[in-house]
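K.L.:
I am attaching a structure below and will ask some questions about it afterwards.
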Amino acid sequence: MHFALESLLDMIAVELGLDPVKLRLKNALRAGDPILGAMGMPFTVAAKVVSAAAARAGWSSRKSGRLKGASRCRGWGVAAG
């Protein structure tokens, strides 16, 4: 189920012309955001974790596509949750 949801988020990002990491950051719950059955979101770690993981992985400088002389392509993925 989680893989399907994350794949759907990636497809939405492509349709909107957005970077998948930026889409997740834009929609991450933040402190004080209302959530079902509670007064508000008590923590903000989701956005911090996604930002840190993207920076550490070199997300902004990634390159996708076919490697020179290779029969396979290289791709990058992201998932949060």
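K.L.:
Just give me the residues in segment 25-58 being in contact with a Leu (Cβ under 7 Å, 6 or more places away or on another chain) and modelled with pLDDT of 85 or more, in sequence order. Before you say what the answer is, go through the steps one by one.
P.N.:
Applying the first criterion (in contact with a Leu (Cβ under 7 Å, 6 or more places away or on another chain)) to segment 25-58 yields 35, 41, 46-47, 50-51.
Of everything in segment 25-58, those that are in contact with a Leu (Cβ under 7 Å, 6 or more places away or on another chain) and modelled with pLDDT of 85 or more turn out to be ALA47, VAL50, SER51.
K.L.:
Any chance you could count how many residues in segment 18-38 are open to solvent by 60 Å² or more (accessible area, probe 1.4 Å) and under 14 Å from the mean Cα position of the chain (by Cα)? Even if it seems obvious, please write down each step before you answer.
P.N.:
First, pick out the residues of segment 18-38 that are open to solvent by 60 Å² or more (accessible area, probe 1.4 Å): 18, 22, 26-27, 29-31, 34, 36-37.
Checking which are under 14 Å from the mean Cα position of the chain (by Cα) leaves us with 18, 22, 26-27, 29.
Final tally of qualifying residues: 5.
The values are calculated or read from the model by the stated rules, or taken from the named source; none is laboratory data. From a predicted model like this one, the values you see are computed outputs, not experimental measurements. Backbone-built Cβ (ideal geometry, glycine too); neighbour counts: all protein chains shown. Only protein heavy atoms, including side chains, enter the accessible area calculation; ligands, DNA and RNA are left aside. Shrake-Rupley method; radii C 1.70, N 1.55, O 1.52, S 1.80 Å.
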